[in-house]
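The values are calculated or read from the model by the stated rules, or taken from the named source; none is laboratory data. All values reported here derive from a predicted model rather than from experimental measurement. Here the Cβ positions follow ideal geometry from the backbone for every residue, glycine too, while neighbour counts run over all protein chains shown. What goes into the accessible areas is simple: the full protein's heavy atoms, side chains included, and nothing from ligands, DNA or RNA. Shrake-Rupley method; radii C 1.70, N 1.55, O 1.52, S 1.80 Å.
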Amino acid sequence: HDSGIPPVYASERQLSTAVYSVIHNAIKAISGHGQVRIELRHDSGETEREKQVRIQISDTGCGIPSDRFESIFEFGTSYWPDGKGTGYGLWRARGIFQSFRGSVCVAESTPGEGSTFIIVLPTSYAYVDTAEVSQLEDGNG
């Protein structure tokens, strides 16, 4: 089935790990009943640099205060109560996305209502370091 979404040039294993980390955090943010929604979109852009795939992950969980939008991606930073987090997952995920010339950010969040994260990955081969992808596939990255 052709979804109309072009491939991204990244290590499948590393990319799966990073996306899983964001989804796992969305699930942890929900106390009791809630919802995690994942949307995939292709931005065709006018230039090669603008061609990208966007993964939007939204939850109806606890939300994140706006002053923590960046700090949640710092190594060792965890705001989860009761030791639920290590401060490693989102930091590692951001590093993986950046290694493929992509990004991840908190697009919006309201404490008590939920959060939306957006992952952006280029679809143009020209903007990815293929040697770096091969090294990550081999487990050397």
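Things worth noting here:
- Residue within region 117-126 that is at pLDDT 95 or above, farther than 30 Å from Pro7 by Cβ, outside any helix (DSSP H, G or I) and not small (Gly, Ala, Ser) present: no
- Test: residue in region 18-30 that is aromatic (Phe, Trp, Tyr) and within 14 Å of the chain's Cα centre (by Cα): yes
- Filtered by the rule that a residue be open to solvent by less than 40 Å² (accessible area, probe 1.4 Å), on the phi < 0 side of the Ramachandran plot and either in a loop (DSSP other than H, G, I, E, B) or in contact with a Cys (Cβ under 9 Å, 6 or more places away or on another chain) (or both), region 29-78 gives Ala29, Ile30, Gly61, Ile64, Phe73, Thr77.
- Pick from region 8-25, criterion farther than 26 Å from Gly63 by Cα and among the hydroxyl-bearing types (Ser, Thr, Tyr), ranking: most open to solvent (accessible area, probe 1.4 Å): Tyr9
- Filtering region 79-105 to residues that are over 21 Å from Gly32 (Cα atoms) and open to solvent by 70 Å² or more (accessible area, probe 1.4 Å) leaves Thr86, Tyr88, Trp91, Arg92, Gln98, Arg101.
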